[in-house]
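**Student:** Would you mind keeping the following structure in view while I ask a few things?
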Amino acid sequence: MAANLTLLFYVASMAFGLLYGGFRKRALFLLCSFSMAAGFAAQTIDLASRWSARLIIPATNLNEICEATSWGLVAIFLFAGFLLKNRVFVFFLTPLVVFFQMAARIIPVVSKEPKPFYFTPWFSIHISLLIIGIGFFLYSFIYSSIFIMQDHSLRHHRQPIALKLPSLEESVRWATRFLIAGYVLYTAGLLSSAVYGIVHGAEDKWHPGLLEAASLAVWLILGFAIYGWATAKLNPRTRSWLRIAGAASTLFIILGILWH
Amino acid sequence: MALNEIALIGLNHKVAPVEVRERLAFQDEEALSFLKGLKEEGAVKGGVLLSTCNRVEFYADLGQGGSAESLVGTMVKARGLAESSRSLFYAKQGRNLISHLFGVAAGLDSMVLGEPQILGQVKDSYFLARDGGALTTQLNLLFQKAFHVAKKVRTETGIGERPVTISYAAFNLARSIFEDLATKRILILGAGEMSRILATHFFESGIRQVKVANRTRERALAFAKTFDAEVVPWETFPRAMVQSDIVISSTGAPSCIIHEAMMKTVMQLRRNASILIIDIAVPRDVEASVGKLDGAYLYNVDDLQEVADEGLEQRKRKAEEAEELIASEVEVYERYLEHQELSGIIEGVVAWANEIQETETGEALRRMGELTPKQQDVLRKAIHRVAHKILHNPITQVKRLVVEEDVSQASDIFRDLFRPREGQQEDEGDGQ
């Protein structure tokens, strides 16, 4: 019931978000925000009930990770969205939320034996930090994509007016802020897993696979984007492409869960 | 609330040359004294005088029996215009007037289609009339509605979104790149007229950090005075570019003064921060390849003209939407006025019926001698019920005819049927 309500509210928020992109009416933005808040409430109840029933954070298979990613995206919107001056990002954000929701329903569930690590608090910390971190990366992805679109229009002398996108400066600023916030959480998430391994002497159980390779690749690509920003050695367009590539690579982390 | 008591006379850039418009133009004080003079003469009940560089229009509440034609004569005489100029004036009333004012306020009648300044000018004229005591109820309603419609046109059609002039196009581009223009630094290369026009636009939008470089230092100094700018020696302008966010170049140099190699160094020193370069010189001041560098956004005069032309085309399309919106708003407003008028008529008839009822009840009580308070009350209520039962059905029917079937004459017929003309009541009384 709560799961269906979640999807219903998120689809409604997508409809309002897309309409907002076209018409820019405050009422549409508010409707979009309220729908997302309602969906978030329903989703939180759903996730909490599953968590308390299984005693494992509901993020151990691909479906659950997709579900949790959509939760992370909306959580960031509800807690930090009001800071964003240009609200057109809901035009991009809401379809992404619905995409993850739909993916969670479409992908077949693969039942796996829970590992002992899943029952420790470390796992919940590890997953929570990573999910929120990836959520921030996806926001950075949205703003970097906006930058690329604006930059392309300006370089080719086309009017960048269609969606009244934020200025290049604003896009870069928010893409960088989201990247840094996500990077801190993501790094902490990776470290939490490593610390668990060291504390419990489980280093020998660590196997390199797609999940680990993708996690490291994302960390390196986005780390390079931050380095390029801090030293100004990379121009804003290259940094944007790096942020897009890094955030897109998180898809491999999510897929890696399937084979983990 | 008869709309035909309001008349418009005026002329604009489409019908009158600038020589006539400038002679007719009113300063605020002149406008006020003109309005007051007409009011004192009894020529008008009130009025709003809109005077801009492209139009002078007088929206007058003539009351009953006033004439728009005589106002044209008064205005021509007051401004010392030739008699032949009377033919340049247009006069409008009723639906045409409402539609015209709504269009003017929305910028559809402006020289630059859809420009937003006109709404502010219409508001200024309205406030001037209000503060000078020349605003009547009818004019107030009409102008309030015009402001509402103008706002609706701008938000619903987005007519003003795209730039239609080169300077506005440049300004819009800068806004697409930079978040807060007021904190940006602008460098002007060449102190010519085009630079001045563009710089003015940026200066008016809040940019205060202006630098200017010109081969002739005296011209740069004169230019700098206008914009409180810093003069940079011509030889050091590449260094000034490092610290600038927007560069406007309009020199008379026979070949390019900004080359790709120079710009590469500038971009490195800028730590790849974005820069907008507007090259409005012919021949061009900036090598075309500069526009290929990351972070350097180069626009020449043709690019800007193209942006402006696209904007104009889009505004023309939006103007058609705006015309439709205005037509429907005119209908809404007319209907509103009819309803207002009908409410007034009904209130008048009811008041008239109450008056008769009071008079007749008083007369009956006087003739009937001593009655108990209860009997008096019964009689009063009976007469009241008779009067209102007689009026109930006609009131319901006239409302239906006006509101549902749009028969505007119904309210006049209703008034004529139930409200005696002046003196008629007294005559009837005398006859009794």
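**Student:** Using a Gaussian network model on chain B with a 10 Å cutoff between Cα atoms, which of B:400, B:380, B:315 fluctuates the most?
**Tutor:** Its mean-square fluctuation being the largest, the pick is B:380.
**Student:** Within chain A, which complete DSSP H helices have Cα atoms spanning at least 30 Å along the helix axis and a mean Kyte-Doolittle hydropathy of 1.0 or higher?
**Tutor:** Numbers: long enough: A:2-23 (31 Å, 1.45); A:26-54 (42 Å, 0.67); A:121-155 (50 Å, 1.10); A:168-199 (45 Å, 0.91); A:210-231 (31 Å, 1.60); A:236-259 (35 Å, 0.86).
Once both thresholds are applied, what remains is A:2-23, A:121-155, A:210-231.
**Student:** At 1.4 Å probe radius, can you tell me the per residue accessible area of region A:1-57 in Å²?
**Tutor:** Numbers: 3030 Å² over 57 residues.
I get 53 Å² per residue for this part.
**Student:** Note down the relative contact order for region B:166-309 as a percent, whole number, built from C-alpha pairs under 8 angstrom at least six residues apart. Please report the intermediate quantities before stating the final value.
**Tutor:** Values: 261 pairs, mean separation 34.3, N = 144.
Value for region B:166-309: 24 percent.
**Student:** Residue separation times 0.36 nm, minus the C-alpha to C-alpha distance between residue B:328 and residue B:359: what's the value? Could you put the intermediate results ahead of the total?
**Tutor:** On the way: separation 31, 0.36 × 31 = 11.16 nm, distance 4.67 nm.
Taking residue B:328 through residue B:359 to full extension adds about 6.5 nm, to one decimal.
**Student:** For residue B:399, which lysines qualify as cross-link partners when the Cα separation must be under 25 Å and same-chain residues fewer than eight apart are set aside?
**Tutor:** Partners found: B:145, B:389.
**Student:** I've got another one for you. Round to the nearest 0.05 the FRET efficiency obtained for residue B:82 and residue A:83 when R0 = 60 Å and r is the Cβ-Cβ distance. Numbers along the way, then the final one.
**Tutor:** Values: r = 64 Å, r/R0 = 1.06.
That gives a FRET efficiency of 0.40.
**Student:** Continuing with the same structure: Roll a 1.4 Å probe over the protein chains and send me the accessible area per residue for region B:284-381 in Å². Can you show the working numbers first?
**Tutor:** Working: 5590 Å² over 98 residues.
Here the per-residue accessible area is 57 Å².
**Student:** Follow-up. So which DSSP H runs in chain B come out at 24 Å plus along the axis (Cα) with average Kyte-Doolittle of at least -0.5?
**Tutor:** Working: long enough: B:137-157 (30 Å, -0.31); B:301-368 (96 Å, -0.71); B:373-399 (37 Å, -0.68).
Long hydrophobic helices here: B:137-157.
**Student:** Name the lysines eligible as straight-distance cross-link partners of residue A:115: C-alpha to C-alpha under 30 Å, and not fewer than 8 places from it in the same chain.
**Tutor:** Straight-line reach from residue A:115, under 30 Å: A:205.
**Student:** Now for a different question. Per residue of A:167-175, what is the mean number of Cβ atoms on other protein chains within 10 angstrom of that residue's Cβ?
**Tutor:** Numbers: counts 9, 8, 9, 4, 1, 3, 1, 0, 0.
Mean partner-chain Cβ count within 10 Å for A:167-175: 4.
**Student:** Using a 1.4 angstrom probe on protein heavy atoms only, which residues from region B:282-304 are buried by at least 20 Å² of accessible area when all chains are present rather than their own chain alone?
**Tutor:** Output list: B:294, B:297, B:299, B:303.
**Student:** Sticking with this one: Do any of A:164/B:152; A:25/B:184; B:39/B:77; B:184/B:292; B:36/B:152 go past 28 Å between their Cα atoms, and which?
**Tutor:** Numbers: A:164/B:152 19 Å; A:25/B:184 30 Å; B:39/B:77 17 Å; B:184/B:292 23 Å; B:36/B:152 33 Å.
With Cα atoms farther than 28 Å apart: A:25/B:184; B:36/B:152.
**Student:** Give the relative contact order (percent, whole number) for chain B; include only Cα pairs under 8 Å separated by 6+ residues.
**Tutor:** On the way: 591 pairs, mean separation 54.8, N = 432.
Relative contact order for chain B comes out at 13 percent.
**Student:** Mind checking the mean number of beta-carbon atoms from other chains within 10 Å of the Cβ atoms in A:151-157? Before the final figure, lay out each step's value.
**Tutor:** On the way: counts 6, 0, 1, 9, 7, 1, 11.
Across A:151-157, the average partner-chain Cβ count within 10 Å equals 5.
**Student:** How many nm separate the modelled label positions at residue B:375 and residue B:70, each set 7 Å beyond the Cα in the direction of the Cβ?
**Tutor:** The modelled label-to-label distance comes out at 6.0 nm.
**Student:** Please compute how much accessible surface disappears when A pairs with B, both sides summed, using a 1.4 Å probe, and round it to the nearest 100 Å². It would help to have the intermediate numbers written out before the result.
**Tutor:** Values: alone 13060 and 22910 Å², together 33820 Å².
Looking at A and B, the buried total is near 2100 Å².
**Student:** Order the peptides A:146-154, B:100-108 from the highest to the lowest mean number of other Cβ atoms within 10 Å of their residues.
**Tutor:** Numbers: A:146-154: 19.8, B:100-108: 25.3.
Packing order, densest peptide first, comes out as B:100-108, A:146-154.
**Student:** Further question: Would you list, by chain and number, the lysines whose Cα falls below 17 Å from the Cα of residue B:92, excluding same-chain residues fewer than 8 positions away?
**Tutor:** Cα-Cα hits under 17 Å: B:14.
**Student:** State the Kirkwood hydrodynamic radius of chain A in Å, one decimal place, computed from all pairs of distinct Cα atoms. Mind dumping the intermediate values first?
**Tutor:** Working: mean 1/r = 0.0523 Å⁻¹.
So the Kirkwood estimate lands at 19.1 Å.
**Student:** What distance in nm separates the simple spin-label points at residue B:294 and residue A:27, each placed 7 Å from Cα in the Cβ direction?
**Tutor:** Distance between label points: 4.5 nm.
**Student:** Another question, if that's okay. Could you tell me what percent of the accessible area of the protein assembly as shown is made up of carbon and sulfur, with a 1.4 Å probe and every protein chain present? Intermediate values should be presented prior to the final figure.
**Tutor:** On the way: 19760 of 33820 Å².
Carbon and sulfur together cover 58 percent of it.
**Student:** A further question follows. List the residues whose amide H sits under 5 Å from the amide H of residue B:249, counting only those 5 or more places along or on another chain, with H placed 1.01 Å from N in the peptide plane.
**Tutor:** Here B:189, B:278, B:279, B:280 satisfy the definition.
**Student:** Could you work out, residue by residue across B:171-179, how many beta carbons of other chains sit within 10 Å of that residue's beta carbon, and then give the average as an integer?
**Tutor:** Details: counts 0, 3, 4, 1, 2, 13, 8, 4, 10.
So the per-residue partner count for this stretch is 5.
**Student:** On a C-alpha basis, how far is the centre of region B:33-67 from the centre of region B:191-258 in Å? Whole number, if you could?
**Tutor:** 47 Å
**Student:** Something else: Let me know the Rg and Dmax you get for the protein assembly as shown when you use only its Cα atoms, in Å.
**Tutor:** For the protein assembly as shown, the Cα-based Rg and Dmax read 36.3, 121 Å.
**Student:** Here's another thing I want to ask about it. Given a 1.4 Å probe and heavy atoms of the protein chains only, how would you sort B:149, B:332, largest accessible area at the top? Intermediate values should be presented prior to the final figure.
**Tutor:** Values: B:149 0, B:332 80 Å².
Ranked from most to least accessible, the order is B:332, B:149.
**Student:** Could you check the spin-label model distance between residue B:384 and residue B:366? Points 7 Å from the Cα along Cα→Cβ, value in nm.
**Tutor:** Placing both labels 7 Å along Cα→Cβ, they lie 2.2 nm apart.
**Student:** Note down, for chain B, the three equivalent ellipsoid semi-axes (square root of 5 times each alpha carbon gyration tensor eigenvalue), biggest first, whole angstrom. Display every interim value, and only then the final one.
**Tutor:** Working: eigenvalues 881, 116, 66 Å².
Over the Cα atoms of chain B, the semi-axes work out to 66, 24, 18 Å.
**Student:** Just the projected area, averaged over all directions, of the convex hull on the alpha carbon atoms of region A:115-259: how many nm²? Intermediate values should be presented prior to the final figure.
**Tutor:** Details: hull surface 39.1 nm².
If I average the Cα hull's projected area over directions, I get 9.8 nm².
**Student:** Something else now. Of the residues B:177, B:326, B:98, which exhibits the maximal mean-square fluctuation in a Gaussian network model of chain B defined by a 10 Å Cα contact cut-off?
**Tutor:** For chain B, modelled as a Gaussian network with Cα springs under 10 Å, the answer is B:177.
The values are calculated or read from the model by the stated rules, or taken from the named source; none is laboratory data. All of these numbers come straight from a predicted model, not from anything done at the bench. Virtual Cβ from ideal backbone geometry, glycine too; neighbours counted across all protein chains shown. Remember, those area values only see protein heavy atoms, side chains included, never the ligands or the DNA or RNA. Shrake-Rupley method; radii C 1.70, N 1.55, O 1.52, S 1.80 Å.
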